[in-house]
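Enquirer: Next up is a structure, given as structure tokens.
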Amino acid sequence: MSSDKHPHHHDVEEIDCLEAIDNLYAYLDGELTDDETLARFRKHLDHCKSCYSRSELEGVINERIKESGKGKTPDTLKDRICDFLDDL
Ligand SMILES: [Zn+2]
């Protein structure tokens, strides 16, 4: 071990939090289909606790929104989404 650098052996490229969050929304929308982007995104979540927590949270919200199509969304959340849409 003479080098102080950490060579990446064909490892996936690192992304920053901003890019991870950007990817997160695409991921939740099922639009993150590129293997390399997906790998980078997952790798970031592996070592970034804040993005991991965020992905968990957004995942739950996303599930709720999907369920709203099945009429299972709690009224409070439905109201909040309506308020949000009204503001657009
Ligand atoms: Zn992050």
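Since every read-out is calculated from the coordinates, none of them should be taken as a lab result. The shown structure was predicted, so the numbers you read here are calculated from the model rather than taken from an experiment. Backbone-built Cβ (ideal geometry, glycine too); neighbour counts: all protein chains shown.
Enquirer: Under a Cβ-only charge scheme (Lys and Arg +1, Asp and Glu -1), can you give me the dipole magnitude of the range 17-86 about the Cα centre, in debye to the nearest 20?
Expert: It comes to approximately 300 debye.
Enquirer: Next up: Residue 56 versus residue 36, label points 7 Å from Cα toward the beta carbon: distance in nm?
Expert: Here the answer is 3.2 nm between the modelled labels.
Enquirer: State, to one decimal in nm, how far the label point of residue 82 lies from the label point of residue 16, with both points 7 Å from Cα in the Cβ direction.
Expert: My value for the distance between the label points is 4.1 nm.
Enquirer: Once you list every other residue whose beta carbon is under 13 Å from the beta carbon of residue 58, what net charge do they have if Lys and Arg are +1 and Asp and Glu are -1?
Expert: Once positives and negatives cancel, what remains is -1.
Enquirer: Also, quick follow-up: Let a ≥ b ≥ c be the square roots of the eigenvalues of the Cα gyration tensor of the range 17-86; is it rounded (a/c under 1.5), or, if not, prolate (a/b larger than b/c) or oblate?
Expert: Prolate, because a/c is 1.5 or more and a/b exceeds b/c.
Enquirer: Tell me which of 53, 23, 38 sits at the most positive position along the dipole axis of the range 17-86, charges placed on C-beta atoms (Lys, Arg +1; Asp, Glu -1).
Expert: Ranked along the dipole, the leading option is 53.
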